[in-house]
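To start, the structure itself, in structure tokens.
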Amino acid sequence: MAAQSPASDEPGDSTPDARSRARMPAWLPRAMVLAFVFLALFELAGWAFHRLLGILIIMLVAFFVSLAMEPAVGRLVGRGMHRGLATGLVFVLVFVSVVGFIAALVTLLVETVGTLVDEAPRLIDDLVGWVNRTFHQNFTLHDLSDRLLRDSDVINGYAERAANNVWGVSSTILGGLAQFLTIALFSIYLTADGPKLRRTLCSVLPPDRQDTVLHAWDLAIEKTGGYLYSRALLAVISAVAHGAFLAILGLPNAVALGIWFGVIASFVPTVGTYIAGVLPILMALTIRPLDAVWIVVFTIVYQWFQDYLLQPRITQRTVDVHAAVALLAVLAGGALLGAVGALLAIPATATVQAFFSEYVKRYAVEEDPRIERTTSARKRRRTAAAAREDDAE
């Protein structure tokens, strides 16, 4: 008698075992629902993040501003002043400084544009004469005006585009002013209620984490405030030096130019001095072109003096970030958050660097002539610098 094949192998099998194997697993519907829920939450979070990105950036800037103001407010509070009054006084002084810089900048722009407009005929005439002498041509101002009139369509096109962009520029200015006021308002709140904010944050953390958070907060205050005050001191020195030099040259608005030099050269890393030199060089070209050469020479010498002599002494107790690391941080911050990221990059990098230097474990390095030579040279330089400081004191 032939053997029967198992019932489970027959095509039309409907036994309970076969039905249980063909049925969908019980966990699969729930997993699919959870996957769709998580996907929807992810999309919702991405949508909300892009909508709130501007507010998040404003809050980040306000937080760093409050960190920068904290040392000054803390000193006034330590002298017995009420915290709210100390916060208001510090922010009023900062606001007056910002307004003074903007006023100096507007004065410089108006003066420079006015001087260029007044001296434009003479400069164009000198330029045409130089071209004729150098290239053996015979151009006249009449020929240039005819060519400009022939290209009047191009000029009209530029004028129409500039007129159409007036509203956009106005909207940008008003939006920037609104953001500035919002940042100032949140910065005042965060600074005045700084102790309450820290207490509230630590109240939701276990005791072993509270010390770490408070220490990191203190590091951020120290590095951000140190960065601001060291840059402010560098700005004052640069403003006095450049203002005095430009006054010796006899350039108009030497004080305003000095303020412009000080702020841009100190708060724009590496290339700030060269950017700040463009405006006084243009002004010098309209008065005495030889003075522009002296300004370039003085700018290069002062940049060297600031980078290698002045800045290391001022920042050695505040923010010690290598120049290459600072430049890389500024570029990364600018790529992520634009001008705001570039401005906050150095204090943020200094805070992270200080935090890691305390909490990252370091190991002993085996003796190596290549390392020893470099270390010995650094120790000798540090010893010599300390000796010079002791002699000066």
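Tabulated values for the structure
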quantity: Subset of segment 78-102 that is in a helix (DSSP H, G or I) and in contact with a Leu (Cβ under 9 Å, 6 or more places away or on another chain) - its residue that is surrounded by the most Cβ atoms within 10 Å (Cβ to Cβ); calculated: THR87
quantity: Looking only at segment 268-281, and only at residues there that are hydrophobic (A, V, I, L, M, F, W, C) and under 23 Å from ARG122 (Cβ atoms), the one that is surrounded by the most Cβ atoms within 10 Å (Cβ to Cβ); calculated: LEU279
quantity: Search result, residues across segment 52-82 that are farther than 20 Å from THR224 by Cα and more than 23 Å from the chain's Cα centre (by Cα); calculated: ARG79, GLY80, MET81, HIS82
quantity: Residue check, PHE356 within 30 Å of LEU228 (Cα to Cα), open to solvent by 70 Å² or more (accessible area, probe 1.4 Å) and modelled with pLDDT of 65 or more; calculated: yes
quantity: Count - residues of segment 243-286 that are touching a residue at least 12 places away in the same chain (Cβ under 8 Å) and touching a Leu at 6+ places or on another chain (Cβ under 7 Å); calculated: 16
quantity: One residue from ALA292, ALA332, ALA265, ALA284 being touching a helix residue (DSSP H, G or I) at 6+ places or on another chain (Cβ under 9 Å), surrounded by fewer than 17 Cβ atoms within 10 Å (Cβ to Cβ), modelled with pLDDT of 80 or more and among the hydrophobic types (A, V, I, L, M, F, W, C); calculated: ALA332
quantity: Top-ranked residue of segment 196-223 - restricted to ones that are closer than 19 Å to LEU76 by Cβ and without any contact (Cβ under 8 Å) to a residue 24 or more places away in the chain, ranked as most open to solvent (accessible area, probe 1.4 Å); calculated: LYS196
quantity: Residue check for LEU105: surrounded by 11 or more Cβ atoms within 10 Å (Cβ to Cβ), modelled with pLDDT under 85 and in a helix (DSSP H, G or I); calculated: yes
quantity: Exclusive hit being of a type in the set (Lys, Arg), free of Cβ contacts under 8 Å to residues at least 24 places away in the same chain and farther than 28 Å from VAL236 by Cβ, set ARG75, ARG79, ARG51; calculated: ARG51
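Okay, residues lined up against (1) under 18 Å from LEU108 (Cα atoms); (2) of a type in the set (Val, Ile, Thr):
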site	(1), (2)
LEU234	no, no
VAL240	yes, yes
LEU249	yes, no
ALA254	yes, no
TYR274	yes, no
GLY277	yes, no
ILE281	yes, yes
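The values are calculated or read from the model by the stated rules, or taken from the named source; none is laboratory data. Keep in mind that this is a model prediction, so the values were computed, not measured. Heads up, the Cβs are rebuilt from the backbone with ideal geometry, glycines too, and the neighbour counts pull from every protein chain shown. Side chains are part of the model used for accessible areas, which takes the heavy atoms of the whole protein and leaves out ligands, DNA and RNA. Shrake-Rupley method; radii C 1.70, N 1.55, O 1.52, S 1.80 Å.
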